[in-house]
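**Q** To start, I am sharing the structure in question, which I have written as structure tokens.
The values are calculated or read from the model by the stated rules, or taken from the named source; none is laboratory data. Keep in mind that this is a model prediction, so the values were computed, not measured. Glycine also receives a Cβ, built like all others from the backbone with ideal geometry; neighbour counts cover every protein chain displayed. Protein only, heavy atoms only, side chains kept; ligands, DNA and RNA dropped before computing areas. Shrake-Rupley method; radii C 1.70, N 1.55, O 1.52, S 1.80 Å.
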Amino acid sequence: MRILLVDDEEELVSALAERLQLRGLAADWTTSGEQALELARNQAYDVAVIDLKMPGMGGIELKKKLAAAFPALRFIFMSGHGSLSTFTSGIGEIGSEDYFLLKPVDISLLIDRLRELAK
Amino acid sequence: MMTDKQADGDLAGPRFCGEVSAAVSHEIKNVLAIIKETAGLLDDRAGRAQAEALPLAPDQVREATRAMDRQVRRADAIVRRLNRFAHSVDRESEAVELGESCRLLAELADRMLAGRGATLEVMTEARGVTVQTSHFRLLQFLWRGLSAVLAAAGNGARLQLTVAARPEKKSGGRLELRWQPTAPTPVVGPEFPGPVELELLAQLAWQFELNPDEQYFVLLLP
């Protein structure tokens with residue numbers, strides 16, 4: 001399984017990627033939607049873990065673009081945003097609240113979700 | 001029975017507080033997430049070192065402690081900013097230093113601006129321009145104005161908020177917000193001021209001028 005992590009907070013996303021790598025999972029990271037699209041064009045990913053609220057291209061817009069270009073790609077959203085509208089729009093896009101994780105994310109839960117999606 | 005307009009007016013202040021609080025809480029969540037991942041990573045590395053009976057590299061420990069220290073300082077700045085905002089409602093009217101107020105606005109609006117890929121530069125043409133007014137209402141008015149301008153200007157706009165004295169008067173201040181979209185856009189003015197803002201202008205004896213063609217608005221405070 002190869003994972004693409006996208007979050008505008010570099011310290012967060014790089015630490016998360018390394019923690020997944022230490023657990024034997026292949027994980028790349030980036031801090032913008034534009035860079036994520038570029039990475040996905042050059043490398044096949046199984047799951048993209050995307051921050052919902054990012055400057056410029058937001059998580060939902062990125063998810064739509066990735067899904068259109070790579071139909072087999074699965075998604076998990078992360079969010080620090082507490083609003084009902086954010087939750088609703090995120091769930092609406094992702095299809096299940098199981099794949100909508102609130103920050104700070106529990107890494108064991110993230111890995112469980114990744115493994116579910118990879119099946 | 002309260003009309004919709006009255007209800008909107010009554011809720012405008014609390015709504016503004018809610019928007020600011022939501023933005024701040026989002027930032028704090030990010031700080032906590034970084035601290036959690038950094039601590040978790042350090043723990044993972046320590047676990048691996050223990051399993052391999054090897055010492056944990058000091059530079060890895062320092063990298064983690066410094067990252068956590070940076071985030072704690074970031075959180076402290078966020079909380080101090082929130083505190084300054086919270087105290088803006090302490091008095092109906094007080095001496096407000098416009099440069100400081102505009103810098104606070106820019107800090108509070110940081111997430112809103114970043115979400116649009118926009119930048120806001122605060123400039124002061126004169127130092128120590130102070131007016132007697134409601135600090136909270138001023139921030140509320142400017143926040144609304146900023147939101148409306150960002151919506152009209154589209155993503156990536158560059159904004160400049162300038163503080164100046166009013167040379168024609170012995171007191172008062174002048175705030176001018178100019179915006180520059182990244183791409184030519186139809187000149188659609190921001191939907192501002194709305195009924196709530198018009199009410200504020202009347203209550204606080206502020207004067208307002210919007211020029212959507214030249215892409216600026218001016219707020220004059222007595």
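**Q** Being in a loop (DSSP other than H, G, I, E, B), closer than 17 Å to residue B:171 by Cβ and open to solvent by 40 Å² or more (accessible area, probe 1.4 Å) is the filter here, so list the residues in the stretch B:203-219 that pass it.
**A** Residue satisfying the conditions is B:205 alone.
Residue-wise test of (1) at positive phi; (2) in contact with a Ser or Thr (Cβ under 8 Å, 6 or more places away or on another chain); (3) free of Cβ contacts under 8 Å to residues at least 60 places away in the same chain.
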position: A:13; (1), (2), (3): no, yes, yes
position: A:19; (1), (2), (3): no, no, no
position: A:34; (1), (2), (3): no, no, yes
position: A:44; (1), (2), (3): no, no, yes
position: A:49; (1), (2), (3): no, no, no
position: A:52; (1), (2), (3): no, yes, yes
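**Q** Looking at the stretch B:121-134, can you tell me whether even one residue there is of a type in the set (Val, Ile, Thr), assigned to a helix (DSSP H, G or I), under 20 Å from the mean Cα position of the chain (by Cα) and within 26 Å of residue A:8 (Cα to Cα)?
**A** No, that holds for no residue.
**Q** So for the stretch B:41-56 (the condition being more than 13 Å from chain A (Cβ to nearest Cβ), of a type in the set (A, V, I, L, M, F, W, C), over 12 Å from residue A:18 (Cβ atoms) and part of a helix (DSSP H, G or I)), does at least one residue qualify?
**A** Within the stretch B:41-56 (the criterion being more than 13 Å from chain A (Cβ to nearest Cβ), of a type in the set (A, V, I, L, M, F, W, C), over 12 Å from residue A:18 (Cβ atoms) and part of a helix (DSSP H, G or I)), the answer is no, since none of the residues qualifies.
**Q** Right, next: Within the bounds of the stretch B:152-161, is there any residue that is under 26 Å from residue B:89 (Cβ atoms) and either surrounded by fewer than 18 Cβ atoms within 10 Å (Cβ to Cβ) or under 15 Å from the mean Cα position of the chain (by Cα) (or both)?
**A** Yes, the conditions are met somewhere in the stretch B:152-161.
**Q** For the structure I just gave you, tell me whether residue B:167 is in contact with a Ser or Thr (Cβ under 9 Å, 6 or more places away or on another chain) and open to solvent by 40 Å² or more (accessible area, probe 1.4 Å).
**A** Criteria not met by residue B:167.
**Q** Here's something else I'd like to know. Being within 12 Å of chain A (Cβ to nearest Cβ) and open to solvent by 30 Å² or more (accessible area, probe 1.4 Å) is true for just one of B:111, B:91. Which residue is that?
**A** B:111
**Q** Give just the number: which of (1) touching an Asp or Glu at 6+ places or on another chain (Cβ under 6 Å); (2) within 15 Å of residue A:5 (Cα to Cα); (3) of a type outside the set (Ser, Thr, Tyr) does residue A:66 not satisfy?
**A** It fails just one condition, (1).
**Q** On to the next question. Return yes or no: is residue B:66 farther than 16 Å from residue A:11 by Cβ and of a type in the set (Lys, Arg)?
**A** So residue B:66 does not fit the description; no.
**Q** Filter the stretch B:62-88 down to the residues that are of a type in the set (Val, Ile, Thr) and within 14 Å of another protein chain (Cβ to nearest Cβ) and list them by number.
**A** Across the stretch B:62-88, the qualifying residues are B:65, B:72, B:78.
**Q** Moving on. List pairs: first in the stretch B:9-24 and closer than 20 Å to residue B:84 by Cβ, second of a type in the set (A, V, I, L, M, F, W, C) and surrounded by fewer than 17 Cβ atoms within 10 Å (Cβ to Cβ), Cβ under 9 Å, 6+ apart or cross-chain?
**A** Going by the 9 Å Cβ cut-off, the qualifying pairs are B:13/B:89; B:17/B:86; B:17/B:89; B:24/B:79.
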